[in-house]
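Just so it is clear, none of the values below were taken in a lab; they were calculated from the coordinates. Computed from a predicted structure; not experimentally measured. Virtual Cβ from ideal backbone geometry, glycine too; neighbours counted across all protein chains shown.
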Amino acid sequence: MSIQVISFYRFQTFDPDRVQELTVEIAKLRGDFNIRGLFILGAEGVNCTFSIAPDQADQAKAKFRNWFGDVTFKDSFCAKHPFDDLKVKVRDEIVTAHRPHLRPTNQPHRHISPTEWQQKMNDPDVVVIDTRNRYEYDIGHFQGALNPDTREFGSFPQWLSKSGLPKDKKILIYCTGGIRCEKAILEMEEQGYRDVYQLDGGILNYLSERQKQNFTNNFEGECFVFDYRVAVDDKLAPTQTYKLCPHCGQPAQEKIDCIQCGSNAIVCATCLDESDRHTCSKNCAHHFRMGHRSRRQPTAKTGNSGHVSVDSK
Ligand SMILES: [Zn+2]
Ligand SMILES: [Zn+2]
């Protein structure tokens, strides 16, 4: 495994000038370290996942600590860069909840460590909620977790208000790397929930600590990630099970022959319901819809160019 994948976030108030400076500084890292990945910056902080050669990782981390303070890094490894390039984007919200007034601070708010999480999960009265999207839940989740069945994180507040969960219930929430829960917990408190805890560092931190401490794994399946690895297994290694659906960017494992060009492809179960998506790529789907005559020349390309973003890590 020759590439290290690192993610972190930090809620911290930046003025617009500082956001501009940081945008320039981060873009320079492509030359300094050959970093690739996606950084989302804004007035409320930074959210990112990047990849780098392992022998340069500590140097890069020192730089980020210098800029952003004592952040928690989540590490995993893979054979090659899971991003094409380095991108820095400026957004109003560094994780999109459509609730800009919810502003987490850089002080940990009701975080629990993976070890505490493991203990609390044993309490039969506790409710565990997965704050991620349905396609993420579908390929892996904590045993017994509630699935809000949302298409995007912005729908979580609405789901919660209709959930009927008692306000005094002890609730544990989790997401991939922790950032969604920072906002979800504020939303829950605003809606009157008083006894909520969030898993520090999310599933990625849990799986990493589990390997060190060797406790029983309560996370079943694989963890979706927002880059070309698609998902990581319980040892944080890139999935051997899923590809990225070329049409919708969600985890896919249905093998097909492209009805346009004849090549082998893998698409997701949802897209199989639409005939133009029995194709290897958006390009072939387009030509199929236009009624272009099939060339039927098999190629080795299986189309792994779906939409990837780390917007809601
Ligand atoms: Zn799909
Ligand atoms: Zn095709």
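A few points about this structure:
- Rg and Dmax of the range 111-224, Cα atoms only, in Å: 13.1, 39
- Computed E for ASN214/GLN56 - FRET, C-beta separation, R0 30 angstrom, nearest 0.05: 0.50
- Violating pairs (Cα-Cα greater than 28 angstrom) within the set LYS162/LYS183; LYS63/LYS243; LYS89/LYS167: LYS63/LYS243; LYS89/LYS167
- Among GLN213, CYS223, HIS109 the positive-end extreme of the charge dipole of the chain (Cβ point charges): CYS223
- Length released on extending from ASN66 to ASN283, taking residue separation times 0.36 nm less the Cα-Cα span: 73.7 nm
- Flagged links, alpha-carbon separation over 24 Å, of LYS28/LYS74; LYS255/LYS282; LYS87/LYS255; LYS74/LYS255; LYS28/LYS235: LYS87/LYS255; LYS74/LYS255; LYS28/LYS235
- Relative to the longest principal axis of the Cα atoms of the chain, the long axis of helix 202-213 makes an angle of roughly 80 degrees.
- Approximate shape of the chain as ellipsoid semi-axes (Cα gyration tensor, √5λ), whole Å, largest first: 32, 25, 19
- Across all Cα atoms of the range 53-153, the radius of gyration (one decimal) and Dmax (whole number) stand at 17.4, 46 Å.
- For the range 1-91, trypsin sites (Lys or Arg not before Pro) are listed when DSSP marks them as loop and at most 16 other Cβ atoms sit within 10 Å of their Cβ; the list is LYS80, ARG91.
- Cα-projected label distance for ARG91 with ARG103, points at 7 Å along beta-carbon direction, nm: 1.9
- Cα long-axis angle, helix 16-33 against the chain (0 to 90 degrees, to the nearest 10): 60
- Rounded to 0.05, the FRET efficiency of the SER113 and ARG18 pair, given R0 = 22 Å and the Cβ-Cβ distance, is 0.10.
- Largest-first principal axis extents of the Cα set of the range 243-289 (Å): 23, 16, 16
- For the chain, adding -39500 (n - 2.57) for each run of n ≥ 4 DSSP H residues and dividing by the number of residues yields -8500 deg cm²/dmol at 222 nm.
- Selection from SER163, SER275, PHE288 lying farthest towards where the dipole of the chain points positive, charges on Cβ: PHE288
- The chain: angle of helix 179-190 to the longest principal axis, Cα-based, in degrees nearest 10: 50
- Once backbone amide H atoms are built at 1.01 Å from N, GLU220 has HIS141, PHE142, GLN143 as its partners under 5 Å, excluding neighbours fewer than 5 places away on the same chain.
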